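Undergrad: Mind having a look at this structure? Questions to follow.
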């Protein structure tokens, strides 16, 4: 995953201290505790995480076979008043997809990173 052994051990220790992981006789197990960061809160750590994920996506686009990834996009004209409901739908879908994919024999780590952002310049005149 592109991280050192030291970084991995530090991350595991943090996850255990945050009660997101438990050590069961040498086996790490995820707890039932879920954490969601509020995406509307402008925090430097959240922005840095988003940048890292986007950069990993660019690497995957160049290095991984298409059969190992799915990267698509759609551009649309929208009513911004619908954004709060759209965010709720995205959240529900993310949770449903996570629950589905975390079944079976888990041998790989994937990230799902949906993005919805404005392409138009905020100063453009509205037609």
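Undergrad: When you scan the stretch 39-55, do you find a residue that is assigned to a loop (DSSP other than H, G, I, E, B), surrounded by 11 or more Cβ atoms within 10 Å (Cβ to Cβ) and either at pLDDT below 90 or in contact with a strand residue (DSSP E or B) (Cβ under 7 Å, 6 or more places away or on another chain) (or both), even just one?
TA: yes
Undergrad: When only residues in the stretch 18-31 that are outside any loop (DSSP other than H, G, I, E, B) and touching a strand residue (DSSP E or B) at 6+ places or on another chain (Cβ under 7 Å) count, which is surrounded by the fewest Cβ atoms within 10 Å (Cβ to Cβ)?
TA: Checked the stretch 18-31; the qualifying residue surrounded by the fewest Cβ atoms within 10 Å (Cβ to Cβ) is 29.
Undergrad: Confirm whether residue 67 is within 16 Å of residue 113 (Cβ to Cβ), out of contact with any strand residue (DSSP E or B) (no Cβ under 9 Å at 6 or more places or on another chain) and either at pLDDT below 90 or loosely packed, with under 10 Cβ neighbours inside 10 Å (or both).
TA: Criteria not met by residue 67.
Undergrad: Looking at the stretch 89-103, can you tell me whether even one residue there is outside any helix (DSSP H, G or I) and either surrounded by 10 or more Cβ atoms within 10 Å (Cβ to Cβ) or touching a helix residue (DSSP H, G or I) at 6+ places or on another chain (Cβ under 6 Å) (or both)?
TA: There is no residue in the stretch 89-103 that is outside any helix (DSSP H, G or I) and either surrounded by 10 or more Cβ atoms within 10 Å (Cβ to Cβ) or touching a helix residue (DSSP H, G or I) at 6+ places or on another chain (Cβ under 6 Å) (or both).
Undergrad: Among the numbered conditions (1) under 24 Å from residue 29 (Cα atoms); (2) free of Cβ contacts under 8 Å to residues at least 40 places away in the same chain, tell me where residue 70 comes up short.
TA: (1)
Undergrad: Any residue in the stretch 1-17 that is at positive phi and part of a helix (DSSP H, G or I) sitting within a Cβ distance under 8 Å of a residue that is surrounded by fewer than 10 Cβ atoms within 10 Å (Cβ to Cβ) and modelled with pLDDT under 80? List the pairs, counting only those 6 or more apart or interchain.
TA: So the pair list comes out empty.
The values are calculated or read from the model by the stated rules, or taken from the named source; none is laboratory data. Keep in mind that this is a model prediction, so the values were computed, not measured. Every residue, glycine as well, gets a Cβ built from its backbone with ideal geometry; the counts of neighbours run over all protein chains shown.
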